[in-house]
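Taken together, the values in this text are just the output of simple stated rules run on the coordinates, not laboratory data. Quantities reported herein were computed from a predicted structural model and do not represent experimental measurements. No Cβ is skipped: glycine too gets one built from the backbone with ideal geometry, and neighbour counts run over all protein chains shown.
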Amino acid sequence: MRTAEIIRNTKETQIRVALNLDGTGKQSIDTGVPFLDHMLDQIARHGLIDLDIKATGDLYIDDHHTVEDVGITIGQALAKALGDKAGIRRYGHSYVPLDEALSRVVIDLSGRPGLIFEVPYTRARVGNFDVDLSREFFQGLVNHAWMTLHIDNLRGINAHHQCETVFKAFGRALRMAVEPDPRQAGAIPSTKGVL
């Protein structure tokens, strides 16, 4: 089983992430940021990744440190669970609609962190959640999972729908990228021989 557990403690946050890349989408998520919990549930369910996340942070300041550090910790757990990445598909992509909104996410588990994030949110907040923090989440994840990630919201009017399609599409693209490829027979999917 491709599993990992990471504990990250700083002066701002205390986070534990356990994941199973070969799961069924089971989740237990408590970050103290309800909308983030809802979005992480999308990753688990649509990525068929079991996620167990517990985070406490300095929410009396704002949600920024908690959201970013959860992204960092998930990225670290992904990198650990993937190991040398032998036998995986490496690339993943997904288009996900939700009513009027449509997002596209494309992943390369390249070993090179890079994020393109083109999400023109129609409003700044969904409930109490600052939608700018969704980019901070993915930046932290990308930097520590060593992946290239392109996220594009192609259309949308409702900011909740825009954000939810991004997280759902990420889950489905990640599911594809980490999937074992029987034709790879344990080989590293790169001409370099390493990712």
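Straight-line reach from residue 26: which lysines have a Cα under 16 Å away, not including same-chain ones fewer than 8 places off?
Result set, ordered by chain and number: 54, 168.
When the dipole is taken about the Cα centre of the stretch 1-107, and only Lys, Arg (+1) and Asp, Glu (-1) are charged at their Cβ, what size is it in debye, to the nearest 20?
The dipole magnitude comes to about 640 debye.
Could you please report the charge total around residue 56, scoring K, R as +1 and D, E as -1 over all other residues with beta-carbon less than 14 angstrom from its beta-carbon?
Residues close to residue 56 contribute a combined charge of -2.
Add -39500 (n - 2.57) for each DSSP H run of 4 or more in the chain, then divide by its residues: what number comes out at 222 nm, to the nearest 500 deg cm²/dmol?
Using -39500 (n - 2.57) per qualifying helix, the result is -11500 deg cm²/dmol.
Between 142, 178, 157, whose Cα lies farthest towards the positive end of the dipole of the stretch 130-195 when Lys and Arg beta carbons carry +1 and Asp and Glu beta carbons carry -1, centred on the Cα centre?
Checked the options; the winner is 178.
Quick check: pseudo-label points 7 Å beyond the Cα along Cα→Cβ at residue 86 and residue 154, how many nm apart are they?
3.8 nm
Under a point spin-label approximation (7 Å from Cα along Cα-to-Cβ), what is the residue 187-residue 12 distance to one decimal in nm?
Calculated label separation equals 4.3 nm.
Given a Förster radius of 22 Å and the C-beta distance between residue 100 and residue 130 as r, what FRET efficiency does 1/(1 + (r/R0)^6) yield to the nearest 0.05?
Plugging the Cβ-Cβ distance into 1/(1 + (r/R0)^6) gives 0.50.
Under 25 °C and 0.890 mPa s, how fast does the chain diffuse according to Stokes-Einstein, given a Kirkwood radius computed over C-alpha pairs? Answer in µm²/s, whole number.
148 µm²/s
Between residue 3 and residue 143, what is the spin-label point distance in nm, taking each point 7 Å from the Cα along the Cα→C-beta axis?
Label at residue 3, label at residue 143, 3.0 nm between them.
What is the sum of charges, Lys and Arg at +1 and Asp and Glu at -1, for the other residues whose Cβ falls under 14 Å from the Cβ of residue 125?
-3
Net charge near residue 101, counting Lys/Arg +1 and Asp/Glu -1 over other residues with Cβ under 14 Å of its Cβ?
Once all neighbours under 14 Å are counted, the net charge is -1.
Note down the magnitude of the dipole of the stretch 3-178 about its Cα centre, charges +1 on Lys and Arg C-beta and -1 on Asp and Glu C-beta and zero elsewhere, to the nearest 20 debye.
Its charge dipole is roughly 600 debye.
Could you list the square roots of 5 times each eigenvalue of the Cα gyration tensor of the stretch 114-195, that is, the equivalent ellipsoid semi-axes, sorted largest first and rounded to whole Å?
31, 13, 10
Any idea which of 194, 4, 167 is furthest toward the positive side of the dipole for the chain, if Lys and Arg beta-carbons carry +1 and Asp and Glu beta-carbons -1?
In the chain, that residue is 194.
Given a Förster distance of 25 Å, report the FRET efficiency between residue 58 and residue 28 from their Cβ-Cβ distance, rounded to the nearest 0.05.
Working from the Cβ atoms, E equals 0.65.
May I ask for the distance between the Cα centers of the stretch 1-61 and the stretch 70-90, given as a whole number of Å?
If we compute the Cα centre of each part, the gap is 14 Å.
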